[in-house]
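Working notes for the structure below.
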Amino acid sequence: MYQNFNEMIKTIEKLKTDGMYGGDFFLTWEKTDDEIAATFAVADALRSLRERNISPAIFNSGLGISIFRDNSTRTRFSFASACDLLGLTVRDLEEGKSQIAHGETVRETANMVSFMAEAIGIRDDMYIGKGNKYMHEVSDAVDEGYRQGVLEQRPTLVNLQCDIDHPTQCMADMDHIIHEFGGVENLKGRKIAMTWAYSPSYGKPLSVPQGVIGLMTRFGMDVVLAHPEGYEVMGDVIDVANKNAAASGGSFKQVSSMEEAFEGADIVYPKSWAPFSAMEKRTVLYGDGDMEGIDRLEKELLKRNAEHTDWCCTEDMMKRTKDGKALYLHCLPADINSVSCEKGEVEASVFDRYRTPLYRQASFKPYVIAAMIFLSKVKDPASALAELEKRALPVRNFG
Amino acid sequence: MYQNFNEMIKTIEKLKTDGMYGGDFFLTWEKTDDEIAATFAVADALRSLRERNISPAIFNSGLGISIFRDNSTRTRFSFASACDLLGLTVRDLEEGKSQIAHGETVRETANMVSFMAEAIGIRDDMYIGKGNKYMHEVSDAVDEGYRQGVLEQRPTLVNLQCDIDHPTQCMADMDHIIHEFGGVENLKGRKIAMTWAYSPSYGKPLSVPQGVIGLMTRFGMDVVLAHPEGYEVMGDVIDVANKNAAASGGSFKQVSSMEEAFEGADIVYPKSWAPFSAMEKRTVLYGDGDMEGIDRLEKELLKRNAEHTDWCCTEDMMKRTKDGKALYLHCLPADINSVSCEKGEVEASVFDRYRTPLYRQASFKPYVIAAMIFLSKVKDPASALAELEKRALPVRNFG
Amino acid sequence: MYQNFNEMIKTIEKLKTDGMYGGDFFLTWEKTDDEIAATFAVADALRSLRERNISPAIFNSGLGISIFRDNSTRTRFSFASACDLLGLTVRDLEEGKSQIAHGETVRETANMVSFMAEAIGIRDDMYIGKGNKYMHEVSDAVDEGYRQGVLEQRPTLVNLQCDIDHPTQCMADMDHIIHEFGGVENLKGRKIAMTWAYSPSYGKPLSVPQGVIGLMTRFGMDVVLAHPEGYEVMGDVIDVANKNAAASGGSFKQVSSMEEAFEGADIVYPKSWAPFSAMEKRTVLYGDGDMEGIDRLEKELLKRNAEHTDWCCTEDMMKRTKDGKALYLHCLPADINSVSCEKGEVEASVFDRYRTPLYRQASFKPYVIAAMIFLSKVKDPASALAELEKRALPVRNFG
């Protein structure tokens, strides 16, 4: 821990967080610097309580609703863990099981599942221009339901990955970085390389690279984005990154080789993604139900990927980083050479060396999600945390 | 709220509810008037507590088991919400995942899933003569298990829709009506029209129209049932409706046009259903595994439906109702013209105007289900509610 | 109950259980006699508390993770019930829904789902040499995650059936026997027959017969294993049974007819299983993806089974047992003649006569699982149980 509990509370006291009270968490760049800082501080405070066997449950009952429109293990369990930590029970909305397929509108379903819902977590990252929009529709629906007296409470929406951003992942990544470097004040001038890497699979969402450059440019770091030609991310997010870098006193740069990006980097994040234009094309094809077109696109994409198998986080590549010892990040699961595939994003020996830090990176996610919900539900987070410590409700009795 | 909390408690005190203690909830017409009134009053009292951030949890642990033999979003979440409200966690019995398909008997499974079960909610509405029977088999099984010491507690069975009745829906509908009209005492002489409406889908259960005429005839209202020829509901329920109407000082009438039913109505409930005789035929076909016969039947039914596309809740139809402003009800999801289908049960402008009341109608369901469980579990509901208010356990801390 | 609560606590006080603290439960023969005795005593104590409407919840929050690599109703609900009893909420890891199929390693997934996990229950019984091994991989992974600070707590692994043992089943069976015979001290010299029985299905796991002979030989009973030629169980477990019998002053014997096994038996456990060698062959075929080979093997096995339809627990067979009244056991569901199949493991009239005892046998499983978790989580189980009684938190309020 880079701060003790009282320091965390003092940090939170100084931050302006009332904009988060009663609100949702869609994109990190829609939040102020204070709100981002408070999310980290609350996440750390919740973790500190739990480490000392003190439950930070702010609910005595209530549901967390999860809606996953794409497969997920880690985010699914992170959301369930966050809800459990705060005293909520998760109920999955399985679209297969439900009547949504029968033509129900989003607005209606959102209210029908929310009578006891304190939080709604959604993953919808497959189609460009759709995921974030869908989340806003759900949020607007429950907002109206709450105002009209249909719902007794307004559920907090948490973006568990959309087509634009993956805020719970990137905030967890960032909290991990802060801890590894001993505090956010030690990050100024550090170089972080967000780079594309080869994968034999296709269609991986762009939300991680976009989320990373949209968030990590806010801390005075030198953020470098690298990918082969044709693997561009959304232009809007590039604009966000440039603005953030200017405001934070850091920099944002795009380069066209992994080597250049890794050169002297303090942190590297090599990860595959699909080209934005291909994802756009795929969205249209799905909309048209053109399955043949999708097959054709998939083959094209895999072929295009295969031209860049040299974009791999090898031991040689790692040697280019600061003292050869950059912090290696991945959102997991990674495509590991000779483990999960023949050739992939990372060499097995590199991955193995960073296994524990990678797991620790992931371990911040439940706390970050819990912090997002906490800040939406609690008016005065600093004093609530102090009270929770004083209440000292144990997670485990008789341990 | 048409009553304050103390009035609700006084209402409950005067009602004889010991017949519900330790019992199940299968059909509304198996309950006395006092029991029906108490269910509404307890539902309202539970809601009143929750509105004031007071948890009405009567359990500190325990499971609610849900068994859905047909798709469901809203009822599934309503049951989960009701259980959560009372302190139970829901566990779904997924027949696909389980060994039921391997020839297990109902009796055995019912006990095996009930070791910590305080409530069992079942939806089984597809086959005539089966659903309600299955629920009784489950109830008998856990009853015997409890008496034999296999189970420490006797789970309460709640009918979440069978082939005969949909009590949680119709009780929620009724509670909504009571609230909209400012109390049950204002319902005498009101006209309610339960009418068939066209839908391009087929095989919708009869449990809603049956449940509505079986329940709403108990409050002195003039209940009218209307449907095209061939769309008759179960004769037994017609008998129930007639008896209820006579006893309550209201009336029950069947007419053969939507226009006549809507004429001067205070409340309208236009909704599609399949003809009882067709559902009976389908049950036999499924029993015989005659999939070709089912396909043929489906086509016949859709064709027959299509002869009645004029049974639609249009703006013109609504004008026939009392001051053109009848309360429009639907159990949702509705088939909305030009929204969920080309032609359906209701015009979009009508549906839109009633959207918030419709959602509010649905919002009573979790509380009604919770009240059914509450009255089965709590010996003295009035004093328990008073104690819950005094205990003042918050749903949300630090809000 | 064969003991009152205070006696149970005194029994537990005298037993050495620190070996279970922080540990897992894989195989019964890896546990000392004291640990086995403590598991029964704690199970009974937890049940005694619950019977008196006292919650033995030792957790105020936390998840139980269930991983079922084979279908299950009863064990799935038993684990969920045990978790609920102790205050945990169950979250299923559905491999279909998750990214495990995408090449994730066991080690990674085990940590990713365990951030709030206090217990992990796994059923993996299909492939010889795999299930138990997989459980150890999961256990090692979370152990390392805990030591590295990835996880705040170390989840307890409970074997819900592997290729070698089915400890939660056999411990529940044994607890049932102890209760039926009025205490473990009354079991010396009793004869128990674990026998193969005919079933028209194939590939049933060997974990029950193996678990039974590996456990029941520890109590001074005369344990007899009987099966047709070719239906041998694992040799290692035969060794365990022999050693146990010698140490406990009982006996272990293999015979080749059901008649001989039933002769004078106090307890009979007739149940189908697949030959060990066939299960080994099947494991290889699955590994090779040889579906044709699997089909062929299935046909062979069914044909081989069909040569032994006389291995059935008939009324005549039961007459051979002690006074014709042996306690009949089954892990359920049973293949019942003319009920679940034409010819099967047991005659319907025998099964019917023992239905309630069979359900009671099953009812011990949630408590046994809870006891396994309890003993792993609680340092001083006797005083914790005393405190729980004193805390007197009701399961149900206002009952």
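The values are calculated or read from the model by the stated rules, or taken from the named source; none is laboratory data. Please read these numbers as outputs of a predicted model, since none were measured by experiment. Quick reminder, even Gly has a Cβ in these numbers, built from the backbone with ideal geometry, and neighbours come from all protein chains shown.
Among the residues of segment B:37-48, write down those that are surrounded by fewer than 23 Cβ atoms within 10 Å (Cβ to Cβ) and within 11 Å of chain A (Cβ to nearest Cβ).
B:Ser48
Looking at the structure I just gave you, is B:Ser78 facing chain A (nearest Cβ under 10 Å) and buried (at least 24 other Cβ atoms within 10 Å of the Cβ)?
Numbers: facing chain A (nearest Cβ under 10 Å): yes; buried (at least 24 other Cβ atoms within 10 Å of the Cβ): yes.
Criteria met by B:Ser78.
Just give me the residues in segment B:178-189 being within 17 Å of B:Ala43 (Cα to Cα) and either buried (at least 24 other Cβ atoms within 10 Å of the Cβ) or among the charged types (D, E, K, R) (or both), in sequence order.
B:Glu180
When you check B:Arg391 against the structure, is it more than 8 Å from every other protein chain (Cβ to nearest Cβ) and under 18 Å from B:Ile9 (Cα atoms), yes or no?
Values: more than 8 Å from every other protein chain (Cβ to nearest Cβ): yes; under 18 Å from B:Ile9 (Cα atoms): yes.
So B:Arg391 passes the test.
Return the pairs, sorted by first residue and then second, in which the second residue is among the acidic types (Asp, Glu) and surrounded by fewer than 23 Cβ atoms within 10 Å (Cβ to Cβ), the first residue lies in segment B:59-75 and is within 11 Å of chain A (Cβ to nearest Cβ), the beta carbons are less than 6 Å apart, and the residues are 6+ apart or on different chains.
Close Cβ pairs satisfying both conditions: B:Ser66/B:Asp92.
Contact list please: Cβ distance under 7 Å, first residue in segment C:293-317 and more than 28 Å from C:Asp352 (Cα to Cα), second residue of a type in the set (A, V, I, L, M, F, W, C) and surrounded by 13 or more Cβ atoms within 10 Å (Cβ to Cβ), pairs at least six apart or on different chains.
Filtered contacts from segment C:293-317: C:Gly293/C:Leu285; C:Ile294/C:Leu285; C:Leu297/C:Ala278; C:Leu297/C:Leu285; C:Leu301/C:Ala274; C:Leu301/C:Ala278.
Let me spell it out: the conditions are (1) at pLDDT below 95; (2) touching a His at 6+ places or on another chain (Cβ under 6 Å); (3) of a type outside the set (A, V, I, L, M), and B:Asp295 meets all of them except one. Which number is the exception?
The one condition B:Asp295 does not meet is (2).
Going residue by residue through segment C:231-238, is there one that turns out to be hydroxyl-bearing (Ser, Thr, Tyr) and touching an Asp or Glu at 6+ places or on another chain (Cβ under 6 Å)? Before you say what the answer is, go through the steps one by one.
From segment C:231-238, those hydroxyl-bearing (Ser, Thr, Tyr) are C:231; that's our starting set.
Checking which are touching an Asp or Glu at 6+ places or on another chain (Cβ under 6 Å) leaves us with none.
There is no residue in segment C:231-238 that is hydroxyl-bearing (Ser, Thr, Tyr) and touching an Asp or Glu at 6+ places or on another chain (Cβ under 6 Å).
What single numbered condition from (1) surrounded by 18 or more Cβ atoms within 10 Å (Cβ to Cβ); (2) at pLDDT 95 or above; (3) within 14 Å of chain A (Cβ to nearest Cβ) fails to hold for B:Val378?
(3)
Scanning segment A:129-140 for residues that are buried (at least 22 other Cβ atoms within 10 Å of the Cβ) and touching an Asp or Glu at 6+ places or on another chain (Cβ under 9 Å), which turns out nearest to B:Ala172 (Cα to Cα)?
Just the residues of segment A:129-140 that are buried (at least 22 other Cβ atoms within 10 Å of the Cβ), to begin with: A:131, A:135, A:138.
Filter again for touching an Asp or Glu at 6+ places or on another chain (Cβ under 9 Å), leaving A:131, A:135.
On the way: A:Gly131: 34, A:Met135: 29 Å.
Of everything passing the filter in segment A:129-140, A:Met135 is nearest to B:Ala172 (Cα to Cα).
Looking at segment A:21-30, can you tell me whether even one residue there is more than 13 Å from every other protein chain (Cβ to nearest Cβ) and within 19 Å of A:Val184 (Cβ to Cβ)? Step through it out loud before you land on a result.
Filtering segment A:21-30 down to residues more than 13 Å from every other protein chain (Cβ to nearest Cβ) leaves A:23-30.
Now restrict to residues that are within 19 Å of A:Val184 (Cβ to Cβ): A:28-29.
Checked segment A:21-30: at least one residue is more than 13 Å from every other protein chain (Cβ to nearest Cβ) and within 19 Å of A:Val184 (Cβ to Cβ).
Per-residue answers, yes or no, for (1) hydrophobic (A, V, I, L, M, F, W, C); (2) surrounded by fewer than 19 Cβ atoms within 10 Å (Cβ to Cβ); (3) within 29 Å of B:Asp173 (Cα to Cα):
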position	(1), (2), (3)
B:Asp239	no, yes, yes
B:Ile267	yes, no, yes
B:Arg282	no, no, yes
B:Asp288	no, yes, no
B:Lys303	no, yes, no
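Looking at A:Lys271, is it in contact with a strand residue (DSSP E or B) (Cβ under 9 Å, 6 or more places away or on another chain) and charged (D, E, K, R)? Can you show your working first?
Values: in contact with a strand residue (DSSP E or B) (Cβ under 9 Å, 6 or more places away or on another chain): yes; charged (D, E, K, R): yes.
Judged against the criteria, A:Lys271 is a match.
Could you tell me which numbered condition A:Val346 fails, if it satisfies all but one of (1) touching a Cys at 6+ places or on another chain (Cβ under 7 Å); (2) away from chain C (no Cβ under 14 Å)?
(2)
Of the residues in segment C:305-319, how many are closer than 17 Å to C:Ala226 by Cβ and either of a type in the set (Asp, Glu) or buried (at least 19 other Cβ atoms within 10 Å of the Cβ) (or both)?
10
Scan segment B:209-236 for residues that are crowded, with 24+ Cβ neighbours inside 10 Å and part of a helix (DSSP H, G or I) and jot them down.
B:Pro209, B:Gln210, B:Gly211, B:Val212, B:Ile213, B:Gly214, B:Leu215, B:Met216
Do we find a residue being modelled with pLDDT under 95 and aliphatic (A, V, I, L, M) anywhere in segment B:306-321?
Yes, segment B:306-321 contains a residue that is modelled with pLDDT under 95 and aliphatic (A, V, I, L, M).
Which condition does B:Met20 not pass, out of (1) in contact with a Ser or Thr (Cβ under 9 Å, 6 or more places away or on another chain); (2) surrounded by fewer than 22 Cβ atoms within 10 Å (Cβ to Cβ); (3) under 21 Å from B:Asp140 (Cα atoms); (4) at pLDDT 95 or above, if it passes all the others?
With (1) in contact with a Ser or Thr (Cβ under 9 Å, 6 or more places away or on another chain); (2) surrounded by fewer than 22 Cβ atoms within 10 Å (Cβ to Cβ); (3) under 21 Å from B:Asp140 (Cα atoms); (4) at pLDDT 95 or above applied to B:Met20, the lone miss is (2).
Given the residues B:Arg360, B:Arg391, B:Arg353, which is the only one that is closer than 19 Å to A:Arg107 by Cα and surrounded by fewer than 16 Cβ atoms within 10 Å (Cβ to Cβ)?
Numbers: B:Arg360 fails: surrounded by fewer than 16 Cβ atoms within 10 Å (Cβ to Cβ); B:Arg391 fails: closer than 19 Å to A:Arg107 by Cα.
Checking each option against the conditions leaves just B:Arg353.
Going by the conditions given, is B:Asn337 crowded, with 16+ Cβ neighbours inside 10 Å, without any contact (Cβ under 8 Å) to a residue 60 or more places away in the chain and in the same structural domain as B:Ser207 (by TED's automatic domain parsing)?
On the way: crowded, with 16+ Cβ neighbours inside 10 Å: yes; without any contact (Cβ under 8 Å) to a residue 60 or more places away in the chain: yes; in the same structural domain as B:Ser207 (by TED's automatic domain parsing): yes.
Spelling it out, B:Asn337 is indeed crowded, with 16+ Cβ neighbours inside 10 Å, without any contact (Cβ under 8 Å) to a residue 60 or more places away in the chain and in the same structural domain as B:Ser207 (by TED's automatic domain parsing).
Would you mind stating whether B:Ala117 is modelled with pLDDT of 95 or more and at the interface with chain C (Cβ under 9 Å from one of its Cβ atoms)? Reasoning before the result, please.
Working: modelled with pLDDT of 95 or more: yes; at the interface with chain C (Cβ under 9 Å from one of its Cβ atoms): yes.
Taking the combined requirement at face value, the residue satisfies it.
Would you call B:Arg296 loosely packed, with under 15 Cβ neighbours inside 10 Å and at the interface with another protein chain (Cβ under 9 Å from one of its Cβ atoms)?
Details: loosely packed, with under 15 Cβ neighbours inside 10 Å: yes; at the interface with another protein chain (Cβ under 9 Å from one of its Cβ atoms): no.
No.
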